[in-house]
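Just below is one structure, and these are the notes that go with it.
The values are calculated or read from the model by the stated rules, or taken from the named source; none is laboratory data. Bear in mind the structure is a predicted one, so any value in this text is a computation, not a measurement. Every residue, glycine as well, gets a Cβ built from its backbone with ideal geometry; the counts of neighbours run over all protein chains shown. Areas reflect the complete protein model, heavy atoms only, side chains present, ligands, DNA and RNA absent. Shrake-Rupley method; radii C 1.70, N 1.55, O 1.52, S 1.80 Å.
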Amino acid sequence: MTTVHLQGKRGLAILQNPLLNKGTAFTEEERDTLGLRGLLPPRVTTQEQQLVRVLDNYHRKESPLEKYIYLISLQERNEALFYRLVMANLEEMMPIIYTPTVGLACQKYGHIFRRPRGLYITRNDLGRVKSLLQAWPQADVRIIVITDGERILGLGDLGANGMGIPVGKLSLYTACAGIAPAQCLPIMLDVGTNNSALLADPLYLGVPEPRLRGAQYDELIGEFVDAAQQVFPKACIQFEDFGNANAFRLLHRFRDVACTFNDDIQGTAGVTLAGLLSTERLTGIPLAQQKILFLGAGEAGIGIGDLIVEALKLQGVPEATARQQCWFVDSKGLVVQSRPDLVEHKLRFAHDHAPVMTLLAAVEALQPTALVGVSGMPQTFTEEVVRAMARINQRPAIFALSNPTANAECTAEQCYTWSEGNAIFASGSPFAPVTFNDITHVPGQGNNSYIFPGVGLGVIASESTRVTDEMFYTAARVLADSVTDDDLKLGRIYPDLKRIREVSAAIGTAVAQVAFDRGLTASLCPTDLRGYVESTMFNPTYPDYI
Ligand code: NAD
């Protein structure tokens with residue numbers, strides 16, 4: 001029997017607390033003891049019966065946005081039931097609580113707003129950030145997801161509306177890796193917005209001023225990281241959906257002094273690397289012999305390139321050789337040394353090569369084994385490009401990772417058709433299976449949710465003080481190893497989403513092991529690390545209160 005701390009709460013205070021509430025499932029005894037008698041309809045139901053009701057209600061909602069509002073409302077009244085529902089229907093509901101629907105919800109955030117969730121720190125809070133964190137009702141926060149809303153998914157600057165992203169990401173931490181909801185803290189760092197439509201919208205709920213930049217911005221972020229380390233010393237800080245100039249800077253500023261990572265850079269890298277490692281089993285070409293051409297040289301692309309280099313270094317390949325395996329095309333053509341316009345994060349992948357202006361020309365010139373789309377530009381993997389990849393390779397890897405669905409570089413159907421069924425395809429947003437020449441291909445979804453929840457789980461379980469690239473490499477390796485031969489037969493290079501908790505537990509264990517092996521924690525490694533990691537995972541069945 002689980003005992004749960006009600007902290008002296010009784011009656012409505014329990015029913016109105018989503019972490020404690022179990023609605024009509026309170027037993028007769030609990031109703032009497034906890035002052036609930038009369039506050040609930042008389043019939044006691046089980047969580048299973050409640051599940052039938054909420055699933056039914058969910059299915060009655062017609063649009064994805066209505067489904068999103070329904071799920072968020074459920075989360076606000078009964079977290080355990082919300083997670084039971086989402087975990088039992090993850091494939092169906094992940095696109096609602098996260099990309100693509102969460103993007104739509106963020107765009108309309110001020111208009112669909114019901115209740116606040118998470119913590120808002122604004123540019124006007126400089127000097128008092130610590131007191132805001134201290135006001136948060138939970139003391140044992142282990143994961144903070146923070147955004148400043150500048151680059152929400154592929155949708156750009158959504159200012160304070162971006163709060164939907166940390167909220168959604170943390171829901172995935174719980175659903176995919178069992179991080180307890182009470183240990184999760186979503187934060188919106190509202191530094192203003194340069195989105196003129198939002199500034200003009202009277203229902204916009206953020207600070208209606210242009211974005212803070214420069215020294216004051218840096219000071220605010222610095223104050224936040226210091227305060228978070230003091231108030232929540234065991235918390236890992238995940239930076240999410242920052243604009244790319246800040247994302248790289250902040251990662252480098254904090255990665256060696258705090259327990260922090262950037263999911264857009266490192267999580268994306270982990271899941272893409274796992275995909276490339278899985279293709280080894282289909283093509284027979286090891287990572288060390290792959291040549292990867294990226295369309296897009298931003299947070300996602302450069303992050304993937306960096307992790308591939310790290311992975312190859314761990315396999316014994318010299319860094320200079322490893323870098324030569326990753327090539328980038330951005331909006332101005334191939335990233336080469338002679339270009340005078342390159343920002344810092346692209347320089348390390350600027351190779352000695354004649355200028356090449358188009359993706360097709362780059363494919364012909366470089367003859368890559370894999371093409372990775374992270375440009376946010378739809379339909380840029382044209383028929384000519386895909387056909388060229390299929391001519392050069394027996395089984396080309398083609399990953400169209402740009403989100404949301406409408407931004408994908410090509411669709412699954414286009415990719416399988418143009419490559420005559422030979423491409424190994426993965427996408428950022430989900431695509432349905434495609435039948436070509438009587439063979440059904442199941443597209444892999446290069447969804448960060450395969451990586452970051454497991455990494456977070458391992459960091460929390462080991463109480464690691466840092467998050468390292470080796471952890472993301474390890475996570476990618478474990479993810480790739482969890483792909484079954486049956487998955488591969490269908491062309492699927494990621495495991496079935498239904499196995500996500502098991503996969504996250506395996507990733508969490510391996511990541512925790514890295515923390516112990518590298519001395520990144522003061523904790524002692526449990527003898528049965530896997531068992532320990534699993535024992536920390538939140539289970540959404542109701543506790544008994546008495
Ligand atoms: P970003 O703004 O940091 O980078 C975009 C890059 O694309 C820039 O280098 C830009 O120069 C380049 N670009 C723009 N137009 C181009 C064009 N016409 N041709 C070639 N390059 C062009 O953005 P980001 O964070 O790197 O994200 C890029 C895309 O990747 C987004 O659509 C995002 O949704 C997607 N993404 C997917 C996943 C995932 O599926 N796992 C994770 C992260 C990002």
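In nm, what is the difference between 0.36 nm times the number of residues separating Lys291 and Asp517 and their Cα-Cα distance?
Additional length available on full extension: 78.2 nm.
Specify whether the C-alpha gyration tensor of the range 126-199 places it in the rounded, prolate or oblate class, a ≥ b ≥ c being the square roots of the eigenvalues: rounded for a/c under 1.5, otherwise prolate if a/b is larger than b/c and oblate if not.
oblate
Could you work out how far helix 64-77 tilts from the main Cα principal axis of the chain, as a 0 to 90 degree angle to the nearest 10?
40 degrees
Quick check on the range 32-152: take the gyration tensor over C-alpha atoms, sort the square-rooted eigenvalues as a ≥ b ≥ c, and tell me if it's rounded (a/c under 1.5), prolate or oblate.
oblate
When a/c reaches 1.5 or more, the comparison of a/b and b/c decides; with that in mind, is the range 145-238 rounded, prolate or oblate per its Cα gyration tensor?
Oblate is the answer for the range 145-238, as a/c is 1.5 or above yet b/c matches or exceeds a/b.
Given the Cα-Cα distance of Ala200 and Lys313 and 0.36 nm per residue of separation, how much length would full extension add, in nm?
35.7 nm
Once you've got the Cα coordinates, tell me which of Lys234/Lys489; Lys313/Lys346; Lys169/Lys346; Lys61/Lys234 are over 31 Å apart.
Lys234/Lys489; Lys61/Lys234
Can you tell me the FRET efficiency between Gln324 and Ala361 if r is taken as the Cβ-Cβ distance and R0 is 22 Å, rounded to the nearest 0.05?
Taking R0 as 22 Å, the efficiency between Gln324 and Ala361 is 0.70.
Please report Rg (one decimal) and Dmax (integer) in Å for the Cα set of the range 198-268.
Taking only Cα atoms of the range 198-268, I get Rg and Dmax of 14.1, 42 Å.
Counting only DSSP beta bridges with both residues in the chain, what percent are antiparallel, rounded to the nearest 5?
10 percent
Only helical DSSP H runs with n ≥ 4 go in: add -39500 (n - 2.57) per run for the chain, normalise by residue count and round the 222 nm mean residue ellipticity to 500 deg cm²/dmol.
Estimated from H runs of four or more residues: -12500 deg cm²/dmol.
Under a plain spin-label model, where a point goes 7 Å from the Cα along Cα-to-Cβ, how far apart in nm are Asp485 and Asp544?
Taking the two extended label points, one gets 4.6 nm.
What percent antiparallel are the DSSP beta bridges of the range 365-448, to the nearest 5?
25 percent
Calculate the radius of gyration of the Cα atoms of the chain to one decimal place, then report Dmax, the largest Cα-Cα distance, as a whole number, both in Å.
23.5, 79
Assuming R0 = 45 Å, what is the FRET efficiency of Gln394 and Ala182, from their Cβ-Cβ distance, to the nearest 0.05?
E between Gln394 and Ala182, to the nearest 0.05, is 0.30.
Can you tell me the 0 to 90 degree angle between the C-alpha axis of helix 500-517 and the longest principal axis of the chain, rounded to 10?
80 degrees
Only Lys, Arg, Asp and Glu count, each charged at its Cβ (+1, +1, -1, -1), so figure out the dipole size of the chain about its Cα centre, rounded to 20 debye.
In debye, rounded to 20, the chain gives about 720.
Give the calculated FRET efficiency between Val257 and Asn17 to the nearest 0.05, with a Förster radius of 41 Å applied to their Cβ-Cβ distance.
Efficiency for this residue pair is about 0.70.
Where only protein heavy atoms count, and the probe is 1.4 Å, what is the accessible area per residue for the chain in Å²?
That works out to 39 Å² for each residue.
Based on the alpha carbons, how large is the Rg to Rh ratio for the range 240-327 when Rh follows Kirkwood?
With Rg and the Kirkwood Rh in hand, the quotient comes to 0.99.
Tell me, what HN-Hα J-couplings in whole Hz come from the Karplus equation 6.51 cos²θ - 1.76 cosθ + 1.60 at θ = phi - 60° for each residue of the range 229-245, using x for Gly and Pro?
Once θ is set to phi - 60°, the couplings for the range 229-245 become 5, 7, 6, 10, x, 9, 8, 9, 9, 9, 7, 9, 6, 7, x, 5, 5 Hz.
Determine the distance separating the Cα centre of the range 231-266 from the Cα centre of the range 476-546; give it in Å without decimals.
Taking the Cα centre of each part, the range 231-266 and the range 476-546 sit 22 Å apart.
Report the label-to-label distance for Leu65 and His111 in nanometres (one decimal), using points 7 Å from each Cα along the Cα→Cβ vector.
0.5 nm
When the Debye formula is applied to the Cα atoms of the range 2-90, each taken as the same point scatterer, what base-10 log of I(q)/I(0) results at q = 0.24 Å⁻¹?
Each listed q corresponds, in turn, to -1.24.
Which residues in the range 89-127 have a backbone N closer than 19 Å to a point placed 7 Å from the Cα of Glu209 along the Cα-to-Cβ line?
Within reach of a label on Glu209: 120-127.
Summarise the accessible area of the chain (1.4 Å probe, protein heavy atoms) by the percent that is carbon and sulfur.
53 percent
Which three extents, in whole angstrom, do the alpha-carbon atoms of the range 312-372 cover along their principal axes, largest first?
Sorted from largest, the Cα extents of the range 312-372 read 33, 26, 18 Å.
For the residue pair Leu524 and Asn57, what label-to-label distance in nm results when each label sits 7 Å from Cα along the Cα-to-beta-carbon direction?
Here the modelled spin labels are 4.8 nm apart.
Over the Cα atoms of the range 405-501, what Rg and Dmax result, in angstrom?
Calculated on Cα positions, Rg and Dmax stand at 15.7, 52 Å.
Just tell me the longest site-free run in the chain, where the sites are trypsin sites (Lys or Arg not before Pro) in a DSSP loop having at most 10 other beta-carbon atoms within 10 Å.
For trypsin sites (Lys or Arg not before Pro) (loop position, at most 10 other Cβ atoms within 10 Å), the longest site-free span of the chain is 115-546.
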